[in-house]
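Chemist: Take this structure, written in structure tokens, and hold onto it; I'll ask about it next.
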Amino acid sequence: MKLTVQVRLLPTPVQAAALEATLHACNAAATWAGEVAFEKGVKRNFALREHVYGEIRARWGLGAQAAQHVIKKTCDAYATLKAGMRAGNLGRPGSKRYRKANEKPIVFRPEGAQPYDDRMLSWQMAERRISIWTVTGRIKDVAFTAAPEQLVTVELYRKGESDLVCREGMWFLLATCEVPEAPLNTDPHDFLGVDLGIVNIATTSDGEIMAGRELNRIRVRERTLRTKLQKKNTPSAKRRLKKRRRKEARRAKDINHKIAKRVVAEAERTGRGIALEELTGIRERVRLRKPQRATHSSWAFAQLGQFIAYKARKAGVPVVHVDPAYTSRTCAECGHIDKANRVSQAWFACRNCGFVDHADRNGSRNIRARARELWRRGAPSTAPVPPLKPRGGTGRKRHVTASDARCASPGLQSRCS
């Protein structure tokens, strides 16, 4: 399986200036190539190369390999845009957003990521140094650092391109690694059901609750602070906003990594598979009160699902996605379905048999039962296998396969719990 490992570069001021000039030149060339591709209607790699290759090398002083990567990056951006439009991610054809994306050429940020191959970049793992091509010539002895396990992964499994990225004044290389997968457990004796939510980020069928109250409290605090600083709109407020940018996203990502690692480790230890809900399209299906919208939009359930999926593949643990409909209203003991079963966000009480349990644990048991039935019948998961994330792009929405009745009510119910 392919993984992307982030390695931080530690360039000197002179080296950083050369790297910055390289990114600016490459992205300026890519923007110009995008305009040519748009005007001439030529958006395939080899066809576009005939129109822009010579000009890119002469005008921006790029080497042969860098020019090739710039052209390929431009064509890939148009292909991604076309796929997104076809999937409906930019609205219906003819809508304002659709026309805005379709009626103008693609523009690249000055510090957008630039791919490097082994002809332009070489690694000296023992010395923790790289040699990298720039518009001012090849720079040697650029120091880098990473966590010990990441360094081992890069040294053993790095294969293919690496992306040079500048983020908030810091320099990174995103190295592509092909990591071997453990043999898949094709005969799990059971499944570990995982109910995803907001109040409790993940609740397993074993009864373990991984709470998100602290994360939600921090999110409310950060949101309030951002609102105050945006209203103040002074230079110092803008500096503070810039300094705190992406802090909340980094915190949520770290928590999701820890939860995913814990879930996969438990499933691997006990020889079980993992059962998740297929929540694709939930934001389009749910109607919420205004105070709930920001909290619901901050719910990183897709990221957590992706982390669990790739860690499970690496460990050889099977993952099954099930239809989430009515799992919060169904009794895990007798199977009775009733909206009144859900007493509150935290508690479930069956109106038929009197069974009482934590609502999210009851939901996770129902998810586990559905996964067992799918696996027993040999039926496919309700969720398709997620594709690898495109380089420099964002994840795309997948086809909705199941309705979510639990969030139809004004309260967030357990989908949002």
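Conditions tested, residue by residue: (1) under 14 Å from LEU164 (Cβ atoms); (2) at pLDDT below 95; (3) more than 29 Å from the chain's Cα centre (by Cα); (4) not β-branched (Val, Ile, Thr).
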{"site": "VAL52", "(1), (2), (3), (4)": "no, no, yes, no"}
{"site": "ILE56", "(1), (2), (3), (4)": "no, no, yes, no"}
{"site": "LYS73", "(1), (2), (3), (4)": "yes, no, no, yes"}
{"site": "LEU81", "(1), (2), (3), (4)": "no, yes, no, yes"}
{"site": "GLY84", "(1), (2), (3), (4)": "no, yes, no, yes"}
{"site": "ARG92", "(1), (2), (3), (4)": "no, yes, no, yes"}
{"site": "ARG99", "(1), (2), (3), (4)": "no, yes, no, yes"}
{"site": "PRO115", "(1), (2), (3), (4)": "yes, no, no, yes"}
{"site": "TRP133", "(1), (2), (3), (4)": "yes, no, yes, yes"}
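Chemist: Here is a follow-up. Would you say VAL36 is surrounded by 14 or more Cβ atoms within 10 Å (Cβ to Cβ), touching a His at 6+ places or on another chain (Cβ under 9 Å) and not in a helix (DSSP H, G or I)? Can you show your working first?
Modeler: Working: surrounded by 14 or more Cβ atoms within 10 Å (Cβ to Cβ): yes; touching a His at 6+ places or on another chain (Cβ under 9 Å): yes; not in a helix (DSSP H, G or I): no.
Considered against the rule, which asks whether it is surrounded by 14 or more Cβ atoms within 10 Å (Cβ to Cβ), touching a His at 6+ places or on another chain (Cβ under 9 Å) and not in a helix (DSSP H, G or I), VAL36 comes out as no.
Chemist: Hey, another quick one. Looking only at the range 225-284, how many residues end up being modelled with pLDDT of 90 or more, under 30 Å from SER205 (Cβ atoms) and assigned to a loop (DSSP other than H, G, I, E, B)?
Modeler: Within the range 225-284, residues that are modelled with pLDDT of 90 or more, under 30 Å from SER205 (Cβ atoms) and assigned to a loop (DSSP other than H, G, I, E, B) number 2.
Chemist: Can you name the condition, by its number, that THR22 falls short on among (1) over 15 Å from THR136 (Cα atoms); (2) assigned to a helix (DSSP H, G or I)?
Modeler: Going through (1) over 15 Å from THR136 (Cα atoms); (2) assigned to a helix (DSSP H, G or I) one by one, THR22 breaks only (1).
Chemist: Also: Among LYS2, LYS43, LYS100, which is the only one that is basic (Lys, Arg) and buried (at least 18 other Cβ atoms within 10 Å of the Cβ)? Show your work before the answer.
Modeler: Values: LYS2 fails: buried (at least 18 other Cβ atoms within 10 Å of the Cβ); LYS100 fails: buried (at least 18 other Cβ atoms within 10 Å of the Cβ).
So the residue among LYS2, LYS43, LYS100 that is basic (Lys, Arg) and buried (at least 18 other Cβ atoms within 10 Å of the Cβ) is LYS43.
Chemist: Looking at THR153, THR186 in this structure, which one is assigned to a helix (DSSP H, G or I) and touching a residue at least 60 places away in the same chain (Cβ under 8 Å)?
Modeler: On the way: THR186 fails: assigned to a helix (DSSP H, G or I).
Step by step, each of THR153, THR186 is checked, and only THR153 is assigned to a helix (DSSP H, G or I) and touching a residue at least 60 places away in the same chain (Cβ under 8 Å).
Chemist: Right, something else. Could you list, in sequence order, all residues of the range 29-42 that are in contact (Cβ under 8 Å) with a residue 12 or more places away in the chain and over 27 Å from the mean Cα position of the chain (by Cα)?
Modeler: To start, the set of residues in the range 29-42 that are in contact (Cβ under 8 Å) with a residue 12 or more places away in the chain comprises 29-39.
Across the range 29-42, the qualifying residues are ALA29, TRP32, ALA33, GLU35, VAL36, ALA37, PHE38, GLU39.
Chemist: I'm checking my understanding of the structure. Among residues of the range 137-150 that are closer than 13 Å to LEU121 by Cβ and touching a residue at least 40 places away in the same chain (Cβ under 8 Å), which one is nearest to the chain's Cα centre (by Cα)? Working first, answer last.
Modeler: Initial filter on the range 137-150 (closer than 13 Å to LEU121 by Cβ): 138-140, 142, 144.
So of that shortlist, the ones also touching a residue at least 40 places away in the same chain (Cβ under 8 Å) come out as 139, 142, 144.
Details: ILE139: 32, VAL142: 29, PHE144: 25 Å.
It comes out as PHE144.
The values are calculated or read from the model by the stated rules, or taken from the named source; none is laboratory data. Keep in mind that what you see is a predicted model, and the values were worked out from it rather than measured. All Cβ positions, glycine included, derive from the backbone under ideal geometry; neighbour counts span all protein chains shown.
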